[in-house]
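The values are calculated or read from the model by the stated rules, or taken from the named source; none is laboratory data. Only a predicted model underlies this, so the values are computations on that prediction, with no experimental measurement involved. When we count neighbours, we look across all protein chains shown, and the Cβ atoms used for this are built from the backbone with ideal geometry, even at glycine. Surface areas here come from the heavy atoms of the whole protein model, side chains and all, with no ligands, DNA or RNA. Shrake-Rupley method; radii C 1.70, N 1.55, O 1.52, S 1.80 Å.
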There are 2 protein chains.
Amino acid sequence: MEFKISKELIKELEQLIQSKNDQQLEVLLNDMHHADIAEVLDELDFDEATYIFKVLDSEKTAEILLELEDDLRENILGRLSPKEIAEELDELETNDAADIIGELSKEKKAEVISELQDVEHAKDIVELLRYKEDTAGGLMHKELVKVNENWTVFTCIKEMRIQAENISRVHSIYVVDDENKLLGRLSLKDLLTTSSKTPISEVYIKKLNSVMVDTEDVEVARIMQKYDLEAIPVTDELDRLVGRITIDDIIDVIKDEADKDYQLAAGITNDIESNDSVYELIKARLPWLLIAMVIEIVASFVLKGNEDMFEKFSTLIIFVPLLSATAGNIGVQASAIVVQGLANGTLKNYSRSYFSKELRVSMTSGSIISLFLLGYHSIMYQQYLVGFAISISMVVVILFAATLGTLVPLFLHRKKIDPAIATGPFITTSNDVFGIIIYFWIARLILGY
Amino acid sequence: MEFKISKELIKELEQLIQSKNDQQLEVLLNDMHHADIAEVLDELDFDEATYIFKVLDSEKTAEILLELEDDLRENILGRLSPKEIAEELDELETNDAADIIGELSKEKKAEVISELQDVEHAKDIVELLRYKEDTAGGLMHKELVKVNENWTVFTCIKEMRIQAENISRVHSIYVVDDENKLLGRLSLKDLLTTSSKTPISEVYIKKLNSVMVDTEDVEVARIMQKYDLEAIPVTDELDRLVGRITIDDIIDVIKDEADKDYQLAAGITNDIESNDSVYELIKARLPWLLIAMVIEIVASFVLKGNEDMFEKFSTLIIFVPLLSATAGNIGVQASAIVVQGLANGTLKNYSRSYFSKELRVSMTSGSIISLFLLGYHSIMYQQYLVGFAISISMVVVILFAATLGTLVPLFLHRKKIDPAIATGPFITTSNDVFGIIIYFWIARLILGY
C-alpha cells in the first residue's frame, strides 16, 4: 500500500529525462502522490529535478514545492522566472504561498507578487507576509468558511458551497456580524440537521476559543491541544476574523519545540539540520564548545591548587573523571525531568515536595554508587580512609548536582528563559567544576591535609 | 478569552464543598470546559476532587476523567464502584474508554465491562483491548462513518446522519463492500455537490491510504504526516475496515517520540514524569549511572597507568576535565544532529559527504580550541612542548569523538536500535575513556617519555 522509492524507478526516470520523453514522464508521475514525487526529486540531481518540475503542471508542482528539501527548493526557485513562481503560488493556500515568498530575495519577492493572477489571493498573501513567523498571524491561512449571523441556513449552505471550493478541509463554519466581528461557530452536523429556513443567529454556538494575531505559536499549540481543537480562528485587535489555524500547522510547532529542547541539551543552537552548511553547523556548535572550554579552564585551576593533595593520595585524582561524569549525569537527569514537567504541566513552579523527592532519588542513587566505590577502592588500593573520603565526597557532589539540576531550570523558567538550557553544556560543565571543588574540599577535611 | 485558574475560584469551590452546596457547584462548573475543570480538580485534594466529581453528571465527568493527572484519576477511579465507572465509559469514545479500562486491575476490569449498558459499545471496547498499545489497533477508535458502495447518495446522507450522532468529527466517509472490505472514501464536499440519486460506486475515490491493525504507532504518525492526513482508516488481515485513527491521537505519539529521544540523551529510561514515585524515578535513572560508573572505573585505570607521565609533566593532568568535556560535547553534538537527521529524513543512512562535512566542522572547531589552549598554556606555564602535546592530542580526541558521534547512531539505526541512545551516558562516558587513552598516548609520543 505504501510507496517505496526503488532504484529501478530512479533509473527509469533518468532515462526518460535523457531521451526527453515528456509524455511518458507525465504518465509515470501523474499517478503518484506529490509527497512521493518530492521524495523522488530529492534523490535526483538538480538539473534532472528541475527538468521534471517543468514537465509537470503547476497544480501538481505547487504541492511538490512545499515538500522538497530546503536546498532543492531554493535551487529550483532560482531557476524559475517570477512569472513561473507566481503560477505555482496561485495554486497554493495563502500561508504556504506566503512561506515560499518569504524565502525569496527582496527584489524577486516584489516581482513575484506583481505577477500573481488572482488579486484576492495576492492581497491575502501580502497581508500574511506582515506577521511574524512565530505568531498566530504567521501560522494562519486566510482560507476559511464564514457566514453572516443574519443569513438563513439555506443561504448559508449555498454560500458555503462557493467558499468551500478553495478549501481543502472545512472544519468549523465561523459566524460573523456585518463588521466581520467573530461571533461564534456552526458545526457541519448542526447544519445537516436544521431546517433550511432557520436564521443562523438562532442556531450558532456562541462559545468559541480564538487567538489574536500576535499570540505566540507555542501558546496557540498549547490551547489547541488542551481543548482538543482541530482548527482555531484568529482575530485582530478589533475582534475581526482574519484567519484560521488548523491542527496540521500546529504539528510542526510541537515538533520544533521538542527538537529545540533536544538541541539545547546537546549544545546546539539555531535550529540546524544535517544538511546545513559547514559554516552554519560551526556557528551553532562552536559557541557552546568555547563556553565549556572557559569553564573547564577554571577546573584546571582547581586541580592545580590541589596538586599537593593528589601527590600525597594518588588515587584521589584517578577518580576525578568518575566523579564528574556521575555529577554531570545526575544533574542532566534532574534537569531533564524538570524541563519535561514544566513543558507538560505536571510541574508548575518550585514545589518543596518535588524537590525533596528529587533529593531522595539522588541520595539513594548516590549512596549505592558510593558504597560500591568504597568497596572497590578498599579492595584495589587498601587505603581505607582515602576510599572513605572519596565516597563521602561523591555523595555530597551528587546531592549538589541534583540540587543545581532541579533548581536551575525552575529558576530559568521563572525568569522566562527556556529551562532546557539547563540540560546543555553550560550547566553540565559548571557542575564539573563545582563537583571537583567540593570533592577536594571534603577530601581535605576528612584526610586532614 | 482564555481560562486561568484563580485562588479565588479554588477558595469558592472549597467553601461550596464544605457547605455541601451542590446546586451552586453545578452552576459554577457547568459553564466551564471539561479541560479547565480537570485543571481545577488537580489543584484540590483527593476528597474535594472526588466530591465534585460525584456532583457533576457523567456526560461531563467522563470527559474530565480523560484530562486528569494520572494519580488523581487512579484515586478517583478507586473510589467509584464498577457500575459508576461503567456509566462514565458509556459516555466516552471507544479508544478513550479502552484506555481507562486498561488502567484498572484485572478483576475490576471484568466487573466494569459487565456493567456497560450499550452492548455494541461494550463489544467495540473489548475488541480494542486486544490490541497492543503501540500499534494502529491500540490507537484507533471504532467511531467512524462508513457507507456501502451499493447505496445512493440519498441513502448515504440519511445513514450518515444516524452514524454521525455518536461521532464528534466526521472527516472522511469510508466506502465498504458487503463484506466490510475497505474500498475507498467519499469527501463531505463531494457529497454536498452530487445529485442525490447517484450511486456511491460512481462517486467515491478509490485511492486511499490505510494502515493495518498491527502497524507500529510511529509508522502511522509518519504516514499521516507525510501525506498530511487528518484521519486514516485501519484494516485487519482481510482488508476489512475495523477502525479509524485521527490526527489528535497522533500528536501524542509525535510528542512521546520526541520526549523519548530527549530522555535517552539525558540518561533516563521508562518514560517517566516529574510526578512519578521515588522508586520509579530511581529505576529509570540508576542503571545509566551504574553503567557510567563502570566505564569511568576504566578511566581510573588509564590514569593510574599514566601516573608517571603527569608526575613528570604536571599540567597534563589538570587539563583532563577540559579534554573530556570537549570530547563529550563534540560527540553529543555530532550524534544529536545525526539522530534528528534520521528522524526527519534529511539523513537516510551513512553518507560519505555528510561524514566528511562533520569532520570539517569538528576539525575547524577543534583547531580553534586547540590554538587557544596552546596560547593559554604557553603563557601560563611556559612549557611549550607540553602545551604543543596537549593541543595536538586535543585535536585528535575531537576528531575521534566526532567520528564516533557520527558513526555510532548510524550503526545503531542500521541495526534497528534507537540511535538516540548514542546521545546518552553510555556513549558520552565511553568517549571520556577513549579520549583519555588517546590524550596520554599522543602526549607520550610527542614528549618521548
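With all protein chains in place and a 1.4 Å probe, the accessible surface of segment A:64-132 carries 45 percent carbon and sulfur.
Would you mind giving the mean number of other chain beta-carbons within 10 Å of the Cβ of each residue in B:36-47, as a whole number? Show your work: numbers first, answer last.
On the way: counts 2, 0, 1, 2, 0, 0, 3, 1, 0, 0, 0, 0.
That works out to 1 on average.
Across segment B:245-382, the relative contact order, built from alpha-carbon pairs under 8 Å that are at least six residues apart, equals 11 percent. Can you find, among B:417, B:229, B:267, the residue sitting farthest towards the positive end of the charge dipole of chain B, where Lys and Arg contribute +1 and Asp and Glu -1 at Cβ? Checking the options against the dipole of chain B, the answer is B:417.
The contact between chain A and chain B removes approximately 10000 Å² from the accessible area (both sides summed; 1.4 Å probe; ligands, DNA and RNA excluded).
With a cut-off of 8 Å between alpha carbons and a minimum separation of six or more residues, what is the relative contact order of segment A:145-255 in percent?
Numbers: 164 pairs, mean separation 26.7, N = 111.
Reported relative contact order: 24 percent.
Contact residues in segment A:205-227 by the 50 Å² criterion (accessible area, 1.4 Å probe, full protein complex versus chain alone): A:226, A:227. Long hydrophobic helices in chain A: the complete DSSP H runs spanning 30 Å or more by Cα along their own axis with mean Kyte-Doolittle hydropathy of at least -0.5 are A:278-305, A:320-344, A:352-381, A:384-414, A:425-447.
In the assembly of identical copies, residue A:190 has its label point, taken 7 Å from Cα in the direction of the beta carbon, separated from the corresponding points by 2.9 nm (ascending, one decimal).
Simple point charges give the picture: +1 on the Cβ of Lys and Arg, -1 on the Cβ of Asp and Glu, and for segment A:7-134 a dipole about the Cα centre of about 480 debye.
Taking a ≥ b ≥ c as the square roots of the eigenvalues of the Cα gyration tensor, an a/c ratio of 1.5 or more together with a/b larger than b/c marks chain B as prolate.
Once the Cα gyration tensor of the protein assembly as shown is diagonalised, what are the square roots of 5 times its eigenvalues, in whole Å and ordered largest first, as equivalent ellipsoid semi-axes?
Details: eigenvalues 578, 268, 122 Å².
They are 54, 37, 25 Å, listed from largest to smallest.
Using a Gaussian network model of chain B in which every pair of alpha carbons under 10 angstrom is joined by a spring, one finds that among B:179, B:26, B:107 the greatest mean-square fluctuation is at B:107. Across peptide A:372-385, the average count of Cβ atoms from other chains found within 10 Å of a residue's Cβ is 1.
Per residue, the average separation of C-alpha pairs within less than 8 Å and at least 6 apart gives chain B a relative contact order of 11 percent. Chain B residue nearest the rotation axis toward A, with distance: B:258, 2 (Cβ to axis, whole Å).
Quick one: with all protein chains in place, what share of the accessible area of segment A:145-255 is carbon or sulfur, to the nearest percent (1.4 Å probe)?
Working: 2520 of 5130 Å².
Ligands and nucleic acids excluded, carbon and sulfur reach 49 percent.
Each Lys and Arg contributes +1 and each Asp and Glu -1, all at the Cβ; summed about the Cα centre of the protein assembly as shown, the dipole is approximately 3540 debye.
Between B:88, B:115, B:273, the Gaussian network model of chain B with springs among Cα atoms under 10 angstrom shows the greatest mean-square fluctuation at B:273. The packing ranking of peptides A:36-45, A:9-18, highest mean first, is A:36-45, A:9-18, where packing means the average number of other beta carbon atoms within 10 angstrom of each residue. Across the copies of the chain, residue B:380 has label points (7 Å from Cα along Cα→Cβ) spaced 2.7 nm apart, shortest distance listed first.
Its Cα centre serving as origin, chain B has a Cβ charge dipole (Lys and Arg +1, Asp and Glu -1) of approximately 3320 debye.
Which whole number gives the average count of other chain Cβ atoms within 10 Å of the Cβ atoms across peptide B:290-301?
On the way: counts 5, 1, 7, 10, 2, 3, 9, 9, 2, 7, 11, 2.
Per residue, the number of nearby Cβ atoms from other chains is 6 on average.
Packing around the peptides B:412-422, A:215-225, taken as the average count of other Cβ atoms within 10 Å per residue, puts them in this order, highest first: A:215-225, B:412-422. In the context of the full set of protein chains, the protein assembly as shown has a per residue accessible area of 45 Å² (1.4 Å probe).
Order the peptides A:434-440, A:285-291 from the highest to the lowest mean number of other Cβ atoms within 10 Å of their residues. Could you put the intermediate results ahead of the total?
Details: A:434-440: 22.6, A:285-291: 19.4.
Averaged packing, sorted descending, gives the order A:434-440, A:285-291.
Counting from the shortest, the label point at residue A:20, 7 Å from Cα toward Cβ, is 9.2 nm from the same position in each remaining copy.
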